[in-house]
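Here's the structure, in structure tokens; my notes come after.
The values are calculated or read from the model by the stated rules, or taken from the named source; none is laboratory data. Everything quoted here is computed from the prediction, not taken from an experiment. Cβ placement follows ideal geometry from the backbone for every residue including glycine, while neighbour counts extend to all protein chains displayed.
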Amino acid sequence: MSTLASVMAIAVVGAAGGQLVAAHAEDAVLQVFASPLVIDQANTVNRVAGVSPIETIELNSIDALQKLCGSANDGIPSVAVVVTKITASISDKCVSNGIGELLEASLGFRTLVLVQKASDPAMSLSSRVLYKALTHDVPDDESFKPNMANTWSDVDASLPKLDIRLIVGSPGSAARKVFEDEAMVGGCRQFDAVQSIFDAKARVSTCTKFKEGAILEVDSLDERAAALGAAAPGAVAVLPINIALKHKDWMRIIPFDGFLPTPESINAEDYVLSVPVYVYVRPEDLAKEGPVRLWMWEMLSEEAIGDKGYGKVGGLIELPAATREWQRRSMFK
């Protein structure tokens, strides 16, 4: 779904007029449910929004939305910052619990990049090349054979004759899943043998089984960057874009499927190592003066998600300015 289409799903609430009031007038603790991939963005808003007290709860996106759609009478003001669009079944749960449809706004995109040392020969990689380089078994007509590629040039003659090595987070991490979905599964789907032999569930496990010795798993972002710096020529790391830009004096961002991660290519969905970030809120919480309304005002502000906002410093790629303004006007009409 395009960015504009996703934000058009936002509901318009008629809220009481007047200025936003300080949240200290409320006794209830504001609960912020946040996906691991965007919890840093939520915590930054927590610090600057002037809302107290706040409790941040790290949950995967589905659990966060289900939590938000719990009992309408729990009396706890809540928001959810997630990287998964709400499903019909969760939306139905909200309605059945008397909450109604949650209000939705798009915040931008959390973006991953492939990086190499700037001292290495420049590379451009695709999902097809990455899959063939990293997979345990490669398609061969209508069967599979062990992957014997050792260098990037074994996979694509235009690439350097340097050892294949990927530095990435461990299985189960949000960033690892984005890489597996877009790079590994995306490349795997391009081979007829995969489509004909395996059902959908088996395809995913087959596509994401890495060749032994091809990857180094490092969860800490600082340690992952250091591992790339210490690696032999040819190594590639998967990092959030803000970490890559922090080390731009010695890191080079690699084009993926022909695109660099610009706001234009990300919003057009041409650069796909990126996930949209959404915030969801209960209508009744936003309609009244209090912590949720104050927190949402900050989260949707230019200071948070604008093209020079602190969200960008934290790795958020911004939406077009007109979209950001339209959302604010709609949410706080």
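Among the residues of region 274-292, which ones are of a type outside the set (A, V, I, L, M, F, W, C) and under 13 Å from the mean Cα position of the chain (by Cα)?
Applying the first criterion (of a type outside the set (A, V, I, L, M, F, W, C)) to region 274-292 yields 274, 276, 278, 280, 282-285, 288-291.
Scanning region 274-292 gives S274, P276, Y278.
So is L125 under 30 Å from A321 (Cβ atoms) and hydrophobic (A, V, I, L, M, F, W, C) or not?
Details: under 30 Å from A321 (Cβ atoms): no; hydrophobic (A, V, I, L, M, F, W, C): yes.
Criteria not met by L125.
Only one of (1) surrounded by fewer than 17 Cβ atoms within 10 Å (Cβ to Cβ); (2) at pLDDT 95 or above; (3) acidic (D, E) fails for D219. Which number is that?
(2)
Kindly establish whether D40 is closer than 27 Å to G315 by Cβ and either in contact with a Gly (Cβ under 6 Å, 6 or more places away or on another chain) or modelled with pLDDT of 95 or more (or both). Give the derivation first.
Values: closer than 27 Å to G315 by Cβ: yes; either in contact with a Gly (Cβ under 6 Å, 6 or more places away or on another chain) or modelled with pLDDT of 95 or more (or both): yes.
So D40 fits the description; yes.
Could you tell me which of the residues S127, S91, S106 is of a type in the set (S, T, Y), free of Cβ contacts under 8 Å to residues at least 40 places away in the same chain and on the phi < 0 side of the Ramachandran plot? Break it down into steps so the answer makes sense when it comes.
On the way: S127 fails: free of Cβ contacts under 8 Å to residues at least 40 places away in the same chain; S106 fails: free of Cβ contacts under 8 Å to residues at least 40 places away in the same chain.
So the residue among S127, S91, S106 that is of a type in the set (S, T, Y), free of Cβ contacts under 8 Å to residues at least 40 places away in the same chain and on the phi < 0 side of the Ramachandran plot is S91.
How many residues does region 308-331 contain that are among the hydrophobic types (A, V, I, L, M, F, W, C) and either in the same structural domain as N242 (by TED's automatic domain parsing) or crowded, with 21+ Cβ neighbours inside 10 Å (or both)?
Our first condition is that a residue be among the hydrophobic types (A, V, I, L, M, F, W, C); within region 308-331, this holds for 313, 316-317, 319, 321-322, 326, 331.
Cutting the leftovers down to either in the same structural domain as N242 (by TED's automatic domain parsing) or crowded, with 21+ Cβ neighbours inside 10 Å (or both) gives us 316-317, 319, 331.
Summing the residues that are among the hydrophobic types (A, V, I, L, M, F, W, C) and either in the same structural domain as N242 (by TED's automatic domain parsing) or crowded, with 21+ Cβ neighbours inside 10 Å (or both) in region 308-331 gives 4.
Could you grab me the full set of residues in region 270-318 that are in a helix (DSSP H, G or I) and among the aliphatic types (A, V, I, L, M)? Give the steps one after another, and end with the answer.
Here is the first cut: in region 270-318, the residues in a helix (DSSP H, G or I) are 283-287, 291-299, 302-305, 310-313.
Answer for region 270-318, where residues must be in a helix (DSSP H, G or I) and among the aliphatic types (A, V, I, L, M): L286, A287, V292, L294, M296, M299, A304, I305, V313.
Can Y271 be described as over 17 Å from I39 (Cα atoms) and within 18 Å of the chain's Cα centre (by Cα)?
Details: over 17 Å from I39 (Cα atoms): yes; within 18 Å of the chain's Cα centre (by Cα): yes.
It is true that Y271 is over 17 Å from I39 (Cα atoms) and within 18 Å of the chain's Cα centre (by Cα).
Here is a check on your reading of the model: is K248 of a type outside the set (D, E), in a helix (DSSP H, G or I) and over 21 Å from L103 (Cβ atoms)? Show your work before the answer.
On the way: of a type outside the set (D, E): yes; in a helix (DSSP H, G or I): no; over 21 Å from L103 (Cβ atoms): yes.
Spelling it out, it is not the case that K248 is of a type outside the set (D, E), in a helix (DSSP H, G or I) and over 21 Å from L103 (Cβ atoms).
Within region 122-137, how many residues turn out to be within 13 Å of T151 (Cα to Cα) and under 22 Å from the mean Cα position of the chain (by Cα)?
1
For region 233-245: of the residues being closer than 17 Å to A122 by Cβ and outside any strand (DSSP E or B), which is farthest from the chain's Cα centre (by Cα)?
The selected residue is P233.
Please enumerate the residues belonging to region 251-269 that are in a helix (DSSP H, G or I) and surrounded by fewer than 21 Cβ atoms within 10 Å (Cβ to Cβ).
First, pick out the residues of region 251-269 that are in a helix (DSSP H, G or I): 263-267.
If the condition is that a residue be in a helix (DSSP H, G or I) and surrounded by fewer than 21 Cβ atoms within 10 Å (Cβ to Cβ), then P263, E264, S265 are the ones that fit.
Looking at I86, I99, I76 in this structure, which one is in contact with a Lys or Arg (Cβ under 7 Å, 6 or more places away or on another chain) and assigned to a loop (DSSP other than H, G, I, E, B)? Spell out the reasoning first.
Details: I86 fails: in contact with a Lys or Arg (Cβ under 7 Å, 6 or more places away or on another chain); I76 fails: in contact with a Lys or Arg (Cβ under 7 Å, 6 or more places away or on another chain).
After ruling out the rest, the residue left standing is I99.
Of the residues K161, K209, which single one is out of contact with any Leu (no Cβ under 7 Å at 6 or more places or on another chain) and either among the small types (G, A, S) or closer than 23 Å to V275 by Cα (or both)?
Details: K161 fails: either among the small types (G, A, S) or closer than 23 Å to V275 by Cα (or both).
Step by step, each of K161, K209 is checked, and only K209 is out of contact with any Leu (no Cβ under 7 Å at 6 or more places or on another chain) and either among the small types (G, A, S) or closer than 23 Å to V275 by Cα (or both).
Checking the condition assigned to a helix (DSSP H, G or I), surrounded by 13 or more Cβ atoms within 10 Å (Cβ to Cβ), at negative phi and at pLDDT below 90, which residue from L4, L65 passes?
When all the criteria are applied, what remains is L4.
Tell me yes or no: at least one residue of region 123-137 is among the β-branched types (V, I, T), assigned by TED's automatic domain parsing to the domain that holds L245 and out of contact with any helix residue (DSSP H, G or I) (no Cβ under 6 Å at 6 or more places or on another chain).
From region 123-137, those among the β-branched types (V, I, T) are 129, 135; that's our starting set.
Subset that is assigned by TED's automatic domain parsing to the domain that holds L245: 129, 135.
If we keep only those that are out of contact with any helix residue (DSSP H, G or I) (no Cβ under 6 Å at 6 or more places or on another chain) too, we end up with 135.
Yes, region 123-137 contains a residue that is among the β-branched types (V, I, T), assigned by TED's automatic domain parsing to the domain that holds L245 and out of contact with any helix residue (DSSP H, G or I) (no Cβ under 6 Å at 6 or more places or on another chain).
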